[in-house]
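**Q** One structure coming up, written as structure tokens, with questions to follow.
The values are calculated or read from the model by the stated rules, or taken from the named source; none is laboratory data. Computed from a prediction, not measured in an experiment: that's the story for all the values here. Using ideal geometry, Cβ is built from the backbone for each residue, glycine included, and neighbour counts are taken over all protein chains shown. Just so you know, the surface numbers come from the protein's heavy atoms only, side chains and all, with ligands and any DNA or RNA stripped out. Shrake-Rupley method; radii C 1.70, N 1.55, O 1.52, S 1.80 Å.
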Amino acid sequence: MKKIGVLLNLVISFFLVSCSGGNSSSTSTSEISSISSEGSLTSSSSEGSSSAESESSKTSSEEESSSSSDSYVSVTSVELDESSLKIYTDDYSAILTATVFPENATNKALTWESSNIEVATVEDGAIKPIKAGETTIKVKTVDGGYSDQCIVTVKDPVTIDNYVLHGLFYGETQWTDKPMVNNPASTTEYMIQGVSLHANDVFKIHMFGDTWYGYSAIKSSVKAGLVATAPNDDNIKVLESGVYDIYSDYNEFEGGHIYISKVEGTTPDVVPVSGISLSNSGKYLLTRTEFIITPTVYPNNATNKDVTWRSSDTSIATVTSAGRVVASVNSKVGKTIITAKTVDGGFTATCIVYVSASQYPAYCLTGTVGGYSRSGISMRYAAIPLETTGKYLIPDVDLVAGDKLTVTDNRGTRLKDWHNKVYEKEVNQNMSVNVYLDVNNADKDYLSFAPKNGN
């Protein structure tokens, strides 16, 4: 019976081996059989092939995922080519260019917006102006949300005036343009209404073409005594102050014509005086000589620039209504104050005049003055004695950097400092000043400076 059991096991084992014989990878997938000591069949399975295929598939998937992650480049910033922009409502090609960083960023997609779509809209950087005003155009990256912005100012189109009133108004020294508009009652005329003109204002009409053309032919309908043709460049001169309506036309056959009418019962705008200065702060004057003081009234376009004059002591020097200061042969030696006063506002400025019978002043400024050597006694830089003994004014001195000033008395002797060396004061900048001298101040500084007309 035992022999039959062993034989049966051998047959079964042979049968199993025969069934697996068609598998080419039988070596890695065969089952190894053994007969246990109890005569039972025991088997173990090798999973090497299927396990290797699983590991291989997993590794390939991870590598693909890693490779995809390494190739993505994130955005770090965005920048517009303009931070501010001025455009006009008739502009059709205003474009902002945005640059995304880094250059090789994977996702460069952008969004655009305008803070005020009533002023301008934006699409892909192209700005469409709507009306005059201000808006902020903002660009933003889809990746990372980085942004930049540009302030856009929209203006109405620039227009060039076809006609202007071109002149020197209210005593101006620079020519000024007053724009004229179309006269709705005439297809050929331009006009400017309610313009204030003052006596002695000068103007002409300018017409814009390839260049500016000026003309001033006056129609006979203009009331006599209001304006006249000025002697230079065919300008028109105002004879009577007032508020005027001015009309003008032009054609190539007759040229340009001006029609002027004064609005009755009106007066021009008044520009008040704000101050006055004089050409001289002081003057050392010999008897039987004279000089003219020139006033400057502020502002330059003040309506009334009239000035009155006064001398504090006419026995020393007199002054005319034109600012002419005269020291006669009978003038006393001494000091007088010449005062100019504006009729409008009562602003004043003064000039100290010292009249002397000697051409050798007690002291004068020498050394290097205004870049030039002044070695001898000079009336130009004579010292005018002030109220306090030993103090003087040397008026209206123009200095340049590098000047070295000394003081010389009427004997030709130069003042010395407390070290018994010739006194010298060096100038380190350009300036126009009044120089004050104190001969009692040798231990400190003989000279000091102050603004002109500051006496």
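Every residue, every condition in (1) of a type outside the set (A, V, I, L, M, F, W, C); (2) over 40 Å from the mean Cα position of the chain (by Cα), yes or no:
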site: ASP249; (1), (2): yes, no
site: PRO272; (1), (2): yes, no
site: SER281; (1), (2): yes, no
site: THR287; (1), (2): yes, yes
site: PRO299; (1), (2): yes, no
site: ALA349; (1), (2): no, no
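**Q** When you check THR111 against the structure, is it at pLDDT below 95, in a strand (DSSP E or B) and either open to solvent by less than 50 Å² (accessible area, probe 1.4 Å) or farther than 30 Å from TYR259 by Cβ (or both), yes or no? Before you say what the answer is, go through the steps one by one.
**A** Details: at pLDDT below 95: no; in a strand (DSSP E or B): yes; either open to solvent by less than 50 Å² (accessible area, probe 1.4 Å) or farther than 30 Å from TYR259 by Cβ (or both): yes.
So THR111 does not fit the description; no.
**Q** On the given criteria, is VAL325 of a type outside the set (S, T, N, Q) and at pLDDT 95 or above? So that I can check it myself, show each step before the final result.
**A** Details: of a type outside the set (S, T, N, Q): yes; at pLDDT 95 or above: yes.
Answer is yes for this residue.
**Q** For ASN440, work out the one condition from (1) in contact with a Gly (Cβ under 8 Å, 6 or more places away or on another chain); (2) open to solvent by less than 40 Å² (accessible area, probe 1.4 Å); (3) under 30 Å from ALA357 (Cβ atoms) it doesn't fulfil.
**A** Among (1) in contact with a Gly (Cβ under 8 Å, 6 or more places away or on another chain); (2) open to solvent by less than 40 Å² (accessible area, probe 1.4 Å); (3) under 30 Å from ALA357 (Cβ atoms), the lone unmet condition for ASN440 is (2).
**Q** Let me confirm something: among THR121, THR153, THR135, THR106, which residue is farther than 30 Å from MET207 by Cα, open to solvent by 40 Å² or more (accessible area, probe 1.4 Å) and not in a loop (DSSP other than H, G, I, E, B)? Please lay out each step first, then the result.
**A** On the way: THR153 fails: open to solvent by 40 Å² or more (accessible area, probe 1.4 Å); THR135 fails: open to solvent by 40 Å² or more (accessible area, probe 1.4 Å); THR106 fails: not in a loop (DSSP other than H, G, I, E, B).
Testing whether each residue is farther than 30 Å from MET207 by Cα, open to solvent by 40 Å² or more (accessible area, probe 1.4 Å) and not in a loop (DSSP other than H, G, I, E, B) leaves just THR121.
Yes/no matrix, rows are residues, columns are (1) in contact with an Asp or Glu (Cβ under 6 Å, 6 or more places away or on another chain); (2) modelled with pLDDT under 75; (3) surrounded by 13 or more Cβ atoms within 10 Å (Cβ to Cβ):
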position: TRP212; (1), (2), (3): no, yes, no
position: SER216; (1), (2), (3): yes, yes, yes
position: LYS223; (1), (2), (3): no, no, no
position: VAL227; (1), (2), (3): no, no, yes
position: PHE253; (1), (2), (3): no, yes, no
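**Q** Name the residue that is farthest from PHE169 (Cα to Cα), counting only residues in region 194-210 that are open to solvent by 40 Å² or more (accessible area, probe 1.4 Å) and at pLDDT 80 or above.
**A** First, the residues of region 194-210 that are open to solvent by 40 Å² or more (accessible area, probe 1.4 Å): 194, 199-200, 208, 210.
Those still in the list that are at pLDDT 80 or above too: 194, 199-200.
On the way: GLY194: 14, ALA199: 9, ASN200: 9 Å.
Going through the qualifying residues, I end up with GLY194.
**Q** Can you pull out every residue in region 359-389 that is closer than 21 Å to VAL333 by Cβ, open to solvent by 10 Å² or more (accessible area, probe 1.4 Å), touching a residue at least 24 places away in the same chain (Cβ under 8 Å) and among the small types (Gly, Ala, Ser)?
**A** If the condition is that a residue be closer than 21 Å to VAL333 by Cβ, open to solvent by 10 Å² or more (accessible area, probe 1.4 Å), touching a residue at least 24 places away in the same chain (Cβ under 8 Å) and among the small types (Gly, Ala, Ser), then ALA362 is the only one that fits.
**Q** Please state which of the following conditions GLU134 fails to meet, knowing it meets all the rest: (1) of a type in the set (D, E, K, R); (2) at pLDDT 90 or above; (3) out of contact with any strand residue (DSSP E or B) (no Cβ under 6 Å at 6 or more places or on another chain).
**A** (3)
**Q** Among the residues of region 281-314, count how many are closer than 21 Å to ILE394 by Cα and open to solvent by 70 Å² or more (accessible area, probe 1.4 Å).
**A** So the count comes out to 4.
**Q** Restricting to region 84-103, count the residues that are among the hydroxyl-bearing types (Ser, Thr, Tyr) and without any contact (Cβ under 8 Å) to a residue 60 or more places away in the chain.
**A** As a first pass, look at region 84-103 and keep what is among the hydroxyl-bearing types (Ser, Thr, Tyr): 84, 88-89, 92-93, 97, 99.
With the extra rule that they be without any contact (Cβ under 8 Å) to a residue 60 or more places away in the chain, the set shrinks to 92-93, 97, 99.
Qualifying residue count for the region: 4.
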